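Below is one structure, written out as structure tokens, with a few remarks after it.
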Amino acid sequence: MNHLRRSLLGAVTLLAAASAFNSPKPDDVPGVLISRQLLESRGLRIGDRVRLAREATGEGARTFRIEGTYEPTPDPMRFAQPRLEARLHLPDLLALTADPSDPAAGESVTSINVALKDPSDAARFALDAAARLPGTVARPTRAPDERTGTFVVLERFHLAIAVVTIVGSAVFLLALMVMLIDERRGTVGTLRLIGFTRGRILMQVLAEGAVIAVAGAVFGILFALASQDAFNRIFQWRYDTTLIFLRVTPRVIWQSLLLALPLGIAASLVASWTLLRRQLLTLVRR
Amino acid sequence: MRSLRLAWLSLVRQPARAVLGILGIAAIGALLFDMLLLSRGLVLSFGELLQRSGFDVRVLASDAPPFTGPRLADASALAGRIARLPEVEAVLQLRVREAEIASFGGGGVAPDGPMDQAVEGVGRRRRVEFIGADPQVRSMWTIVEGEDLPDAAAEAGPLVVNPNLARRFALSPGSEVSLRGRCANSPEALPPVTFTVVGIAEFPFDSVTSTTIAGTLADAGRLCGDAGVDRAEMLLVRSTPRAGAPGAAAAIRALEPLLHVVTNEDLIERFSRVEFSYFRQISTVLATVTVFFGFLLIAVLLTVSVNQRLGEIAALRALGLSRSRVIAGVMWESAMLVGAGGLLALPLGALLSLWLDAILRSMPGLPAALHFFVFEPRAIVLHVALLAVAAVAAAAYPMRIVAVLPIAATLRREVVS
Amino acid sequence: MPSIVEARSVSRIFPMAGGAVAALRDVSIGIARGDYIGVVGPSGCGKSTLLHVLGCVDVPTSGQILFQGREVGSLADAERSRLRLREIGFVFQRFFLLPMLTAWENVELPQAEAGVARAERRSRTQALLEYVGLAARARHRPSELSGGEMQRVAIARALANRPRLLLADEPTGELDEATGRQIVTLLDRLHDDGTAVVVVTHDPAVAGRAHRLLRMRDGRIVGEDVR
């Protein structure tokens, strides 16, 4: 039935038009809801009459009145496709799409959604339904399917990109720390001349590195929080959807902190050690 | 002494800094290169797959994606009319049905394997996709073993199966298999139909888990008990070399204005705009981020380096080295860092692309031959151009520091500090 | 004797956050060929500023600087650079040798910039390093040289394009007494060989060698002793 429903949606784009023709009396015309995107793209208004057909040729078209509009539930699998959809009462859809030669057509649907009193019982209920109703497929909505697999792959892809970015950032960070530490060569040399031990200086650098890392991580998170809105708005505008593309969750924040802090501290330690292990006189000599 | 040599010596004077700068550029340059490969990779790969099928125009009943919209009515007559167009070389009807393997060889039910899920009702591993096509037209698949579907009708319907199916069920030319159609218009179980495998073929759009079978149009109808129903999912059209795809498409549109006619290029454009748009977007975003990151890295490195050498630079200017000579030295430093890093980024990026491509290709349902990262010379040109822009931009501020450096004040400051 | 460089009523004022500072006030002086001039005075009296202005490193706020009769204030930066490259040699208190170049390369650098042919550069660099007594250390980098050796390399570099005028700003400032005397001896020799020398110094030993001693205070030349 999926292809029939899609053909219906496609037929809407061919036949939707403002009404100006002989039509049944208002109370005989069944109502239909159309998606906001369809309403806007075709310049329709609530109250307009449209003719919907299963076939692209328009054969068997029926008249409907636009009762209202709705925002389609965002579907990440279809975010790039324009949501040109309509919702009919089930009897109207069946009357429109049923094959007249099939006596059971009027009783056929694509799927039946079941809301359980206890959602945690879904798996057991699905098994039970499948056993009692041979020829049917019963599946909990949370069961993994192909769509889940797609997002698992995308998540791995994003993670791979993140890993590469972190490697690049780490090198950048190390380069910066090497430069910053090198600028303090004279100071470090003088402290060593006075009698400060390597460990003592390293601890000071460690503390500084931790402060810089924390400050940097916090700044980065604040920047991410501030920019997630902008990104979402841009993509929502681009794809005309209400889907949320970017979300900085507490888990993401913790992951960022747990990565940034050790990285920042390690970079300052490595950079400091390359300086501290040098001969004292080379530190103070110009 | 040339600015180039001075720049080189300035870099090697601080080897750790230079190496880190180059490595940093290499890492993000690799990502940049990969994003450039990704930006058109899917389009190129998809286009190649379409070409591989051997047909360059598709006729559908609506503009819904292939196999998701309504079927073409009176498909045979329609195919005949289109085939008679002078711009058309061949037309292939495609009827797609879902079926399940009922039994093999002499009978008996195919056993359910560990992958079956009872909750599904039917063993998933026994599901197949049946493509009905006209054997007299050159097919869209490639025979790797055995023979193609015969032109003449055979007693037991001939089948061509894909290698995955053949491997899974140990099928080879001569094997018998019974299929039962899973058709939407038949709520009751259909009787199984026996077929004989005549060949094993690779189907261009098969995923790694696809179980694809091809047979005749008539057999597709027998499977669902609708042999008399003349409907097809799609017509594949091969244009004549003289007319080309646009010419054939225009002729078909003129002949059948209500149908949806797309060339391979149209399909690629649509997929690029819709289905592939996420990857184009992410490649653009990440390419921008990496270029900016590279610019930032080199700008910071050079600025700090220049600031640490202000005294030397002022002394050189006092000695008479021209401003442009010293500025050129900074530009050369940037060019060398970015150039070395950018070069290193290419093999790194190539390796990285293999990894990323492997990740993305594991998406369920994708054609196994589809690649996300496809090399084209344009990617290298863009890679070089973008890094060059980054190098110039990164050197701008340190060059400015050098350009406006007050010689006397700097010398004085150096003495005092 | 005609002047190599002449300052006429030159003032140099530096705008500062806390108020403008007049480093030079209405200074007039001429440096002729063969001059050996010392400039002394307390810290902040404008000695280095005078050197910078005479050496076309800095531009006066008012007044004129004439180099071989040609007014340099209106010259473009590139032209002033060329002037410094070919006609003036600078020696700094902190040497300012390029640490990644050898002694030989440091001396060769200004010659390459001036477009001197390679063969000529080679012979001239060799001669200069021998002149300052460092031919044996030609391949050593500054970090491998002592303070005095670095300053001698710096002097050789300043002489690379055979300038008419050598300007030295506290050339012995970072050297010990013995080493400083070596430098002073070198400056004497330069003068004897025909180069005009102007030395800014706190060091009485250096000041004592000059034939003309300019005393500065608060941006003005307050006295001149001729020996």
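The values are calculated or read from the model by the stated rules, or taken from the named source; none is laboratory data. Remember, predicted model here, so these are calculated numbers, not experimental data. Positions of Cβ are generated from backbone atoms using ideal geometry, with glycine treated the same way; all protein chains shown enter the neighbour counts.
The criterion of at least 2 residues that are under 30 Å from residue A:81 (Cα atoms) is met by the following helices (runs of 4 or more DSSP H) wholly inside segment A:168-286: A:198-239. Being within 12 Å of chain C (Cβ to nearest Cβ) and free of Cβ contacts under 8 Å to residues at least 60 places away in the same chain is a description that applies to residue B:316.
Report whether or not residue C:87 is of a type in the set (Asp, Glu), closer than 30 Å to residue C:213 by Cα and surrounded by fewer than 22 Cβ atoms within 10 Å (Cβ to Cβ). It is true that residue C:87 is of a type in the set (Asp, Glu), closer than 30 Å to residue C:213 by Cα and surrounded by fewer than 22 Cβ atoms within 10 Å (Cβ to Cβ). Check A:130, A:115, A:126 and return the single one that is at pLDDT 85 or above, among the aliphatic types (A, V, I, L, M) and part of a helix (DSSP H, G or I). Checking each option against the conditions leaves just A:126.
To keep it simple, each residue is scored yes or no on (1) out of contact with any Gly (no Cβ under 9 Å at 6 or more places or on another chain); (2) surrounded by fewer than 23 Cβ atoms within 10 Å (Cβ to Cβ); (3) under 28 Å from residue C:51 (Cα atoms).
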position	(1), (2), (3)
C:126	yes, yes, no
C:133	yes, yes, yes
C:138	yes, yes, no
C:148	no, yes, yes
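Within the set B:351, B:344, the sole residue that is modelled with pLDDT of 95 or more, buried (at least 16 other Cβ atoms within 10 Å of the Cβ) and over 15 Å from the mean Cα position of the chain (by Cα) turns out to be B:344. Is it the case that residue A:123 is surrounded by 15 or more Cβ atoms within 10 Å (Cβ to Cβ) and small (Gly, Ala, Ser)? In short, no. Condition test on residue B:416, is it at pLDDT below 95 and surrounded by fewer than 17 Cβ atoms within 10 Å (Cβ to Cβ)? Criteria met by residue B:416.
If a residue has to be closer than 16 Å to residue B:61 by Cβ and among the β-branched types (Val, Ile, Thr) to count, how many in segment B:246-278 make the cut? Count: 3. For residue C:123, are the conditions met, namely being out of contact with any Cys (no Cβ under 7 Å at 6 or more places or on another chain), of a type outside the set (D, E, K, R), in contact (Cβ under 8 Å) with a residue 12 or more places away in the chain and more than 27 Å from residue C:31 (Cα to Cα)? No. Among the conditions (1) over 25 Å from residue B:331 (Cα atoms); (2) at pLDDT 90 or above; (3) surrounded by fewer than 17 Cβ atoms within 10 Å (Cβ to Cβ), the only one that residue B:362 does not satisfy is (2).
For segment B:123-138, the count of residues that are at pLDDT below 80 and within 14 Å of another protein chain (Cβ to nearest Cβ) is at least one.
Residues in segment C:174-207 that are surrounded by fewer than 20 Cβ atoms within 10 Å (Cβ to Cβ) and more than 21 Å from residue C:33 (Cα to Cα): C:174, C:176, C:177, C:178, C:179, C:181, C:182, C:202, C:204, C:205. Does residue B:69 satisfy being within 9 Å of another protein chain (Cβ to nearest Cβ), more than 30 Å from residue B:374 (Cα to Cα), surrounded by 20 or more Cβ atoms within 10 Å (Cβ to Cβ) and modelled with pLDDT under 95? Against the criterion (within 9 Å of another protein chain (Cβ to nearest Cβ), more than 30 Å from residue B:374 (Cα to Cα), surrounded by 20 or more Cβ atoms within 10 Å (Cβ to Cβ) and modelled with pLDDT under 95), residue B:69 qualifies. Applying the selection to segment B:278-310, what residues are within 12 Å of chain C (Cβ to nearest Cβ) and modelled with pLDDT of 90 or more? Residue satisfying the conditions is B:310 alone.
Scanning segment A:202-240 for residues that are under 32 Å from the mean Cα position of the chain (by Cα) and among the small types (Gly, Ala, Ser) turns up A:213, A:215, A:216, A:217, A:220, A:224, A:226, A:227, A:230. Looking only at segment B:254-291, which residues are free of Cβ contacts under 8 Å to residues at least 12 places away in the same chain, in a helix (DSSP H, G or I) and either of a type in the set (A, V, I, L, M) or closer than 27 Å to residue B:15 by Cα (or both)? Listed by number, the residues that qualify are B:254, B:285, B:289.
What are the residues in segment B:359-387 that are more than 10 Å from every other protein chain (Cβ to nearest Cβ) and either over 16 Å from residue B:29 (Cβ atoms) or part of a loop (DSSP other than H, G, I, E, B) (or both), if any? Listed by number, the residues that qualify are B:367, B:368, B:369, B:370, B:371, B:373, B:374, B:375, B:376, B:377, B:378.
Across segment C:157-173, which residue is surrounded by the most Cβ atoms within 10 Å (Cβ to Cβ) among those that are within 12 Å of chain B (Cβ to nearest Cβ), out of contact with any strand residue (DSSP E or B) (no Cβ under 7 Å at 6 or more places or on another chain) and at pLDDT 90 or above? Ranking the qualifying residues of segment C:157-173, first place goes to C:157. Against the test of being of a type in the set (Lys, Arg) and within 34 Å of the chain's Cα centre (by Cα), the options B:222, B:180, B:238 yield a single qualifying residue, B:238. Of the strands (runs of 3 or more DSSP E) entirely within segment C:18-101, those holding at least 1 residues that are more than 9 Å from chain B (Cβ to nearest Cβ) and more than 25 Å from residue B:312 (Cβ to Cβ) occupy C:21-32, C:36-40, C:62-67. Only a single criterion out of (1) at pLDDT 90 or above; (2) part of a strand (DSSP E or B) is not satisfied by residue B:77, namely (2).
The set of residues in segment B:10-43 being more than 14 Å from chain A (Cβ to nearest Cβ) and surrounded by fewer than 17 Cβ atoms within 10 Å (Cβ to Cβ) consists of B:12 alone.
Within segment B:189-202, at least one residue is among the hydrophobic types (A, V, I, L, M, F, W, C) and out of contact with any Asp or Glu (no Cβ under 9 Å at 6 or more places or on another chain).
The single condition from (1) touching a helix residue (DSSP H, G or I) at 6+ places or on another chain (Cβ under 9 Å); (2) away from chain C (no Cβ under 14 Å) that residue B:270 fails is (1). Could you tell me how many of the residues in segment A:86-111 are free of Cβ contacts under 8 Å to residues at least 12 places away in the same chain and away from chain B (no Cβ under 14 Å)? So the count comes out to 1. Scanning segment C:102-120 for residues that are over 17 Å from residue B:312 (Cβ atoms) and surrounded by fewer than 21 Cβ atoms within 10 Å (Cβ to Cβ) gives C:114, C:115, C:116, C:117, C:118, C:119, C:120. Taken together, the criteria place residue B:53 among residues that are over 30 Å from residue C:160 (Cβ atoms) and polar (S, T, N, Q).
Condition first: among the small types (Gly, Ala, Ser), surrounded by fewer than 17 Cβ atoms within 10 Å (Cβ to Cβ) and either assigned to a loop (DSSP other than H, G, I, E, B) or modelled with pLDDT of 90 or more (or both). Can you find one or more residues in segment A:84-96 that meet it? So far as segment A:84-96 goes, no, none of its residues is among the small types (Gly, Ala, Ser), surrounded by fewer than 17 Cβ atoms within 10 Å (Cβ to Cβ) and either assigned to a loop (DSSP other than H, G, I, E, B) or modelled with pLDDT of 90 or more (or both). Any residue at all in segment A:41-53 that is of a type in the set (A, V, I, L, M, F, W, C), within 14 Å of chain B (Cβ to nearest Cβ), buried (at least 18 other Cβ atoms within 10 Å of the Cβ) and touching a residue at least 24 places away in the same chain (Cβ under 8 Å)? Yes: one or more hits.
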